[in-house]
Amino acid sequence: MDTSRISFGEMIAGVAGVLLFLFMFIGWYGIDGFDGSFSAWESFGFIDILLFLVAVLAIAQAVLRATGKMPTGLPAPPATIVAIAGVLAVVLILFRLVFTPGDEEVFGDEIDVTRKIGIFLGLLAAGGIAFGGYTAMNERTSGEAPPAV
């Protein structure tokens, strides 16, 4: 594994992918009057799987580039795919930041769902994936390694 093959943007996206994956295990939501919190895995039905796939995609791009096994024949340059996936993750997290899961009435009482630190950290990590992908897009032409300095 040769880490000198990884561009700055790919490294940012890869690290942000690892962070997003880790942040999915800490509390994203809580219920007012209840001491516990709920992680992304416990709060979502399908969005958590999409966020996981985005994190894996960002990590995989950096690992494949470092090992020199980047596949050819992709429909778009890898950095473009990671940037689009990162933007998708940001949009999904913003959607769930505004529209929290579980805001409903139970037995006539309103349940107040609160946001915890995990959702904000996840949003920053998803933004890091999008930024890293965008930066890598601008660092490479046609998916080739940058010239040696």
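Return a yes/no flag: does the stretch 138-145 have any residue that is in a helix (DSSP H, G or I), surrounded by fewer than 20 Cβ atoms within 10 Å (Cβ to Cβ) and modelled with pLDDT under 95.
Kept after step one, since they are in a helix (DSSP H, G or I), are these residues of the stretch 138-145: 138-139.
Right, trim to surrounded by fewer than 20 Cβ atoms within 10 Å (Cβ to Cβ) and you get 138-139.
Now restrict to residues that are modelled with pLDDT under 95: 138-139.
Yes, because at least one residue in the stretch 138-145 is in a helix (DSSP H, G or I), surrounded by fewer than 20 Cβ atoms within 10 Å (Cβ to Cβ) and modelled with pLDDT under 95.
In the stretch 23-51, what count of residues is obtained for those that are crowded, with 16+ Cβ neighbours inside 10 Å and under 19 Å from the mean Cα position of the chain (by Cα)?
So the answer is 13.
For the stretch 29-50, which positions are of a type in the set (Phe, Trp, Tyr) and either touching a residue at least 60 places away in the same chain (Cβ under 8 Å) or more than 18 Å from Val91 (Cα to Cα) (or both)?
Selection gives Tyr29, Phe34, Phe38.
Any chance the stretch 118-137 includes a residue that's over 30 Å from Thr3 (Cα atoms) and not aromatic (Phe, Trp, Tyr)?
Taking every residue of the stretch 118-137 in turn, at least one turns out to be over 30 Å from Thr3 (Cα atoms) and not aromatic (Phe, Trp, Tyr).
Keeping to the stretch 32-43, report how many residues are modelled with pLDDT of 85 or more and not hydroxyl-bearing (Ser, Thr, Tyr).
Residues meeting the conditions: 4.
For Leu92, indicate whether it is modelled with pLDDT of 90 or more, aliphatic (A, V, I, L, M), in a helix (DSSP H, G or I) and touching a Leu at 6+ places or on another chain (Cβ under 7 Å).
Yes: the conditions hold for Leu92.
Is it true that Ala58 is closer than 15 Å to Gly128 by Cβ and in contact with a Leu (Cβ under 6 Å, 6 or more places away or on another chain)?
So Ala58 fails the test.
Just the residues that are more than 21 Å from Phe8 (Cα to Cα) and crowded, with 18+ Cβ neighbours inside 10 Å, please, taken from the stretch 66-100.
Within the stretch 66-100, Leu92, Ile93, Arg96 meet the criteria.
Go through the stretch 1-20 and give me each residue that's more than 15 Å from Ala130 (Cα to Cα) and either surrounded by fewer than 19 Cβ atoms within 10 Å (Cβ to Cβ) or free of Cβ contacts under 8 Å to residues at least 60 places away in the same chain (or both).
We begin by selecting, within the stretch 1-20, every residue more than 15 Å from Ala130 (Cα to Cα); these are 1-6.
Listed by number, the residues that qualify are Met1, Asp2, Thr3, Ser4, Arg5.
Under 24 Å from Phe120 (Cα atoms) and out of contact with any helix residue (DSSP H, G or I) (no Cβ under 6 Å at 6 or more places or on another chain), is that true of Asp35?
When the stated conditions are applied, Asp35 passes them.
The values are calculated or read from the model by the stated rules, or taken from the named source; none is laboratory data. If you're wondering where the values come from, they're calculated on a predicted model, not measured in any experiment. Positions of Cβ are backbone-derived with ideal geometry, glycine not excepted, and every protein chain shown enters the neighbour counts.
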